[in-house]
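Asker: Encoded as structure tokens, here's the structure I'll be asking about.
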Amino acid sequence: MLSPHDRTSLFEALRPPPGYRFECGVGTSFTLNLEALLTAPIAFALFDVEESSSDASETPHQDPSVEPVGLLESIRRYSELLTVFCQAGQIALPNAGRTIYAWLEDVVVEATAPRPYRIFHPKVWISRYRDDADGTNVLRMLCATRNLSFDTSLDTILALDSDPYTERPSERAGSQQSAADFIASLPRLANRRLPDERLRSVNSLATDLRHVPLNVPEPFFDLTFHALGPPGAGAVLPDYSDRAIVISPFIGERFLDEVTRKHRLDLLLSRESTLDRISPEILSRIDRVATLSPSIGFDRQDEAASPGEEAESEMAPPGAVVSGLHAKLFAFEADGYTRLF
């Protein structure tokens, strides 16, 4: 769970395993704040400092790479290893121009959804880490609900690592093909051609994801990826369950009508402004309808939009700070098993 005011959780999830360094990565976001993006290469640079300081039994303040010139060079180097795709037109520019933002020019790639009247909405990261001592790699995938921004919202994140590997297995990791296809499709969704080196990096990560199995976290025993939105992608939620829970800030009435006809919905957690647009008859089918308690301490500006405004958070102007519930989580229990989406 990503807490509302915690800006470090996402980048802590990108922290290399002990003894490994960040080799390359690709990220996706709907909205993108350049100042927030800048924290990624800064974080990787500081991770390096911590690792080297630990090896040398020094404090970070004693390490010369913490000096401004060394840190700037690390930021520039890591900017060359990271590519981030976002929805076209949803980049928040900083209030003041800085030369350092020029290093992000090739990092950020605007993308467009493959079907008309759709948006590019994923928050997925794929990273590869390398241990130069033994030549092993570790692949990591993050699937989050938070955009690359300074939003103070309640979000979720799933982090999955592979076991160390030196060469990709020849066989495919069957359950990961949808995720691999999605990563491989990103350059085709881009509004400009990627430089050759970045294109090779994205394709390499997609190939790794196709062959290197990610470990399933306990207590789960199976894992399947579904890419939502590409042409031909079908529905992924089950057709029945004994009981279900839905957590989402945005819900369409037609969708909720269908869910409540197929499932016994124990709990729906959403936003007041969203629930106001759902008919009382549909809401009456749900055992419990809830919103976040004001005592949690969220800023309530997300609730200030007038009813009917779809733009509360996802379509807010670039740079607008949104808050409140932003996680999207679905749980279905049937035949003694639980499926979590």
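Asker: Ordered by residue, what ³J(HN,Hα) values in Hz, to whole numbers, does the range 157-171 give under the Karplus form 6.51 cos²θ - 1.76 cosθ + 1.60, where θ = phi - 60° and Gly and Pro are x?
Answerer: 8, 10, 10, 10, 10, 8, 6, x, 9, 9, 10, 5, x, 6, 7
Asker: Evaluate the relative contact order of the range 111-220 (contact order divided by residue number), counting alpha-carbon pairs under 8 angstrom at least 6 apart; express in whole percent.
Answerer: 28
Asker: Then there is this: Can you check what the net charge comes to around I282, using other residues whose Cβ is under 15 Å from the Cβ of I282 (Lys, Arg +1; Asp, Glu -1)?
Answerer: Overall, the nearby charge balance is +1.
Asker: Let a ≥ b ≥ c be the square roots of the eigenvalues of the Cα gyration tensor of the range 117-265; is it rounded (a/c under 1.5), or, if not, prolate (a/b larger than b/c) or oblate?
Answerer: It comes out prolate by the Cα gyration axes.
Asker: Read phi for every residue in the range 124-130 and hand back ³J(HN,Hα) as whole Hz from Karplus 6.51 cos²θ - 1.76 cosθ + 1.60, θ = phi - 60°, with x for Gly and Pro.
Answerer: Computed from phi, the couplings for the range 124-130 are 10, 10, 10, 10, 10, 10, 10 Hz.
Asker: Hey, any idea what the orientation-averaged projected area of the convex hull of the range 123-205's Cα atoms comes to, in nm²?
Answerer: 7.5
Asker: C24's amide H: which non-local residues (gap 5+, or another chain) put their own amide H closer than 5 Å, with H modeled 1.01 Å from N in plane and none for Pro or chain starts?
Answerer: R128
Asker: What distance in nm separates the simple spin-label points at A184 and E51, each placed 7 Å from Cα in the Cβ direction?
Answerer: Placing both labels 7 Å along Cα→Cβ, they lie 2.9 nm apart.
Asker: From the phi angles alone, apply the Karplus equation (6.51, -1.76, 1.60; θ = phi - 60°) to the range 182-196 and give each ³J(HN,Hα) in whole Hz, x where the residue is Gly or Pro.
Answerer: Rounded to whole hertz, the list is 4, 4, 5, 7, 4, x, 6, 8, 5, 7, 8, 6, 6, x, 3.
Asker: For T156, what residues show an amide H to amide H distance below 5 Å, using hydrogens built from the backbone and excluding near sequence neighbours?
Answerer: Correct list: L2, T145, R146, K328.
Asker: Note down the accessible area of S9, probe 1.4 Å, to the nearest 10 Å².
Answerer: Approximately 30 Å² of S9 is accessible to the 1.4 Å probe.
The values are calculated or read from the model by the stated rules, or taken from the named source; none is laboratory data. Everything quoted here is computed from the prediction, not taken from an experiment. Cβ atoms come from the backbone with ideal geometry, glycine included; neighbour counts cover every protein chain shown. Quick note on the areas: whole protein, heavy atoms, side chains included, nothing else; ligands and nucleic acids left out. Shrake-Rupley method; radii C 1.70, N 1.55, O 1.52, S 1.80 Å.
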